[in-house]
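I have placed the structure first, in the form of structure tokens, so that the comments after it can refer back to it.
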There are 2 protein chains.
Amino acid sequence: MAETGAAARAVDQDRLWQRHVEMARTGATPRGGVNRQALSAEDAAARNLLAGWAQRRGFSVSTDSIGNLFVRRAGSDPTASPVLSGSHMDSQPTGGRFDGMYGVLAAFEALEALEDAGITTRRPIEAVAWTNEEGSRFQPGAMGSGVFAGQYPLADMLQVKDWKGVALGDALAETLRAAPAPARSGCGFGLAGYVEAHIEQGPRLENERRTIGVVTGIQGSRRYIVEIEGEEAHAGTTPRAARKDCFAAATRIAAAMYAATTDADDTLRFTIGRVEVGPGSPNTVPGRTSFTIDMRHPSDETLDRAERELGAIVAGHAAPCTAVIRRIVAVAPTAFDPTVIDLVRGTAAKLQLSNMDMPSGAGHDAMHIARLCPTGMIFVPCERGISHNEIENAAPADLAAGTRVLVEVLAHLANR
Amino acid sequence: MAETGAAARAVDQDRLWQRHVEMARTGATPRGGVNRQALSAEDAAARNLLAGWAQRRGFSVSTDSIGNLFVRRAGSDPTASPVLSGSHMDSQPTGGRFDGMYGVLAAFEALEALEDAGITTRRPIEAVAWTNEEGSRFQPGAMGSGVFAGQYPLADMLQVKDWKGVALGDALAETLRAAPAPARSGCGFGLAGYVEAHIEQGPRLENERRTIGVVTGIQGSRRYIVEIEGEEAHAGTTPRAARKDCFAAATRIAAAMYAATTDADDTLRFTIGRVEVGPGSPNTVPGRTSFTIDMRHPSDETLDRAERELGAIVAGHAAPCTAVIRRIVAVAPTAFDPTVIDLVRGTAAKLQLSNMDMPSGAGHDAMHIARLCPTGMIFVPCERGISHNEIENAAPADLAAGTRVLVEVLAHLANR
């Protein structure tokens, strides 16, 4: 076993950065971001790029039944279960260059650094790109890792449709035709550990001038749809008293929800992200409105309480329209493995990288994999905490620093 | 000149109703309404249907430069300017069978009734179908009559684009290829009078159990767009204090606007009809929102005051986002000609039809034509006052009653 630091020293900051630059060309947007939605042509292009790099380094590539893509560096013990590291390559419709992609490229850089340093591990280490983490095209998000972990039935997920009515199974088949890879039968296999590197997607590391976030867990998250039905009417003739204006009702409901979710310590995350108002004619009183709610908090009890309040608001503020709220997704808070947390913190300290413990505000594939094996995450700063935005940015030195911690942690876990 | 009542008695309720049934097949929707937007294939089909009926009765057909369609029954004096009557055949995307179409078919029924009764008028009488009254596809609405009256420059209107980027001039050319009619050069000609029949699109006639609305004028109307810019951010990680959530800002702005436009006598009409929220991802804090405002009142001073309040609300409630409000259309209130108003009221009384004076809540083509010649309107009830809705409905007997008043008024004006 190599001394601590040998693998870290082999991490190549420039190579890692150039890989980000190349990946950012797939789905590049005019404003400098990426639009690489799950199982799109851009997703296929990114898969081909990664697989090509892997093959040139002699790493084997495989894909499971939900399209998760694995790059494997063999270990010395062919019977040992692998240690896994990665994230996702799909993006929001107007997403950035680092969200998800960093975790995939950091894991791949870790494999290359071990290779370059001539370090052998007992267990294989695999880099993974999970399918459809973002959930912007197909819901729920974190789908590939969720299927891998047995949280979502594969058959159900293959039938999920996007907003245009395309079934995920069809999009997946088309993606794998465009980016073929040897099939790994089924979904899920034994793991010795999972570590995911990711940009923080929040401002805390930057504000506190720390390089490494030692992630202790992931807050719980819930998704809802509110549907309000009113009555279409002529905008010029219908008196206010005779209207069933569903956008006016939506405004009352949304305003009450924003007020109810304003907690003193600014921990509850409440977002209305997608809003549809029909029929969408300027001179017709709208007859139907729907909107999505994304709500997150580290405490499931807080989420339960907030959910009850949202239900009461919908019931109390809809009249004279009618409204319903439906829960689409609920993901419980995740606590990461204490030994992995300690290992990340200890490695950062040994590498003399400033660090702090923190929970993750965003959901990540790690929340599903944490049910299978000892799991942790490593955060690095992103500029102004901005993410899910084309101007998302991160510093090459920070990306490399996170990868140095990652490779040391992976090598340690792969020798346990 | 025929005695009062001869033309009215020749109005054929069943024929008029059957023409509505036939017209409702062009653009029919599953829920019983119509989607016959301006200069669409469905609009062309309606034009062909009307022109075919006209030709079978020996009436001449013509189209002017903005696509207004005229059906002319000659008078005895070939030098006399015509009396005009009609409305529009285009509909809202989810519109009803009577809005606009009734006025066109009532005018056409009036020509047929005069023909059947063998009544000759000194002046010609023309039925007109104005182009693009609804304004849901191309803005502004009441465009054909506005161009006819010199309110909107023809060249500008031909360049207006729909939401898909199609220029009105191109859509018009395609419509006239599909529904050819002899060209009437230019736009606008001398008129001796204009009377438009229309469903009320409000509940007053039904509530007061009257058959005929003697329309005294049209309230003023204004159209605005509000655009709010925030910043896209991750829904799970971005603290509320760090967000520039433009839908939250839109909610505050809209709520304040609904409150500010709540007048004690329920006369001001305020509608937010079209709302766009981008990028439209459930787990991204929205970065841009826009919505339309349609505001109407019989008093221009009230509209001016409300407009100032809307501006102050946008300025005061946008932070931390930025927002602007732009006025797109302003149409001043219209007062109809007192002699035409008296003629409508007197004719209704002679025909023993219950009636009441009322302003129009909706804008109509008559507001533009009132600038050219003595103008009036005749309203008939519509079920529950519902319009701009697929369930819009009216009683055959009421439609015929309005047409009886119309034909008598037109015959009177055509003999002045």
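Structure data summary
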| quantity | calculated |
| --- | --- |
| Simple spin-label estimate for B:Glu309 and B:Arg31 in nanometres, 7 Å along Cα-Cβ | 3.1 nm |
| Computed E for B:Arg177/B:Ala319 - FRET, C-beta separation, R0 56 angstrom, nearest 0.05 | 0.60 |
| Net charge dipole size for segment B:9-79 [Lys, Arg +1 and Asp, Glu -1 on Cβ; Debye, nearest 20] | 180 debye |
| Cβ neighbours within 10 Å from other chains - mean over A:283-290 | 6 |
| Within 10 Å of each Cβ in B:24-34, the average number of Cβ atoms from other chains | 0 |
| Positive-end residue of B:Ala256, A:Ala38, A:Cys382, charge dipole of the protein assembly as shown with Cβ unit charges | A:Ala38 |
| Positive-pole candidate from B:Val226, B:Pro298, B:Pro320, dipole of segment B:220-331, charges at beta carbon | B:Pro320 |
| Alpha carbon centroid spacing (whole Å) that separates segment B:242-312 from segment B:130-187 | 29 Å |
| Residue among B:Ala7, B:Val340, B:Pro78 farthest towards the positive dipole end of chain B, charges placed on Cβ | B:Pro78 |
| Shortest-first distances to equivalent copies, position B:Thr79, nm, label 7 Å out along Cβ | 11.6 |
| Alpha-carbon centroids, segment A:93-109 and segment B:315-373: separation in whole Å | 58 Å |
| Portion, in percent, of the accessible area of chain A that falls on carbon or sulfur, probe 1.4 Å | 49 percent |
| Nearest 10 degrees, 0 to 90: helix B:246-260 Cα axis against chain B principal axis | 50 degrees |
| Given charges at beta-carbon only (K, R positive; D, E negative), |dipole| of chain B in Debye | 340 debye |
| Compactness index (Cα Rg / 2.2 N^0.38 Å), chain B | 1.04 |
| On Cα atoms only, tilt of A:300-317 relative to the major axis of chain A in degrees | 20 degrees |
| Sum of -39500 (n - 2.57) over DSSP H runs of 4+, divided by residues of the protein assembly as shown (222 nm, nearest 500) | -10500 deg cm²/dmol |
| Acute angle (nearest 10 degrees) that the helix A:41-56 long axis makes with the longest principal axis of chain A, alpha-carbon atoms | 10 degrees |
| Counting DSSP beta bridges with both ends in the protein assembly as shown, the antiparallel % (nearest 5) | 70 percent |
| Cα-centred dipole magnitude for the protein assembly as shown, charges only on beta-carbon of K, R (+1) and D, E (-1), debye, nearest 20 | 580 debye |
| Mean Cβ count within 10 Å, highest first, over the residues of peptides B:223-233, A:184-194 | B:223-233, A:184-194 |
| Alpha-carbon Rg/Rh ratio, for the protein assembly as shown, with Rh computed the Kirkwood way | 1.12 |
| Tail fraction, Cα-Cα pairs, segment B:298-416, threshold 16 Å, whole percent | 72 percent |
| Shielding of A:247-255 by partner chains, average beta-carbon count, 10 Å | 5 |
| Residues of the protein assembly as shown: accessible area per residue with a 1.4 Å probe, Å² | 35 Å² |
| Loss of accessible area when B meets A, both sides summed, Å² nearest 100, probe 1.4 Å | 5200 Å² |
| Net charge, A:Leu16 excluded, C-beta distance under 13 Å - Lys, Arg +1, Asp, Glu -1 | -3 |
| Principal axes of segment B:220-331: Cα extent on each, largest first, Å | 49, 21, 19 |
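The values are calculated or read from the model by the stated rules, or taken from the named source; none is laboratory data. Predicted, not measured: the structure shown is a model, and the values here were computed from it. Note: ideal-geometry Cβ built from the backbone for every residue, glycine included; neighbour counts use all protein chains shown. Just the protein is used for accessible areas: all its heavy atoms, side chains included, with ligands, DNA and RNA removed. Shrake-Rupley method; radii C 1.70, N 1.55, O 1.52, S 1.80 Å.
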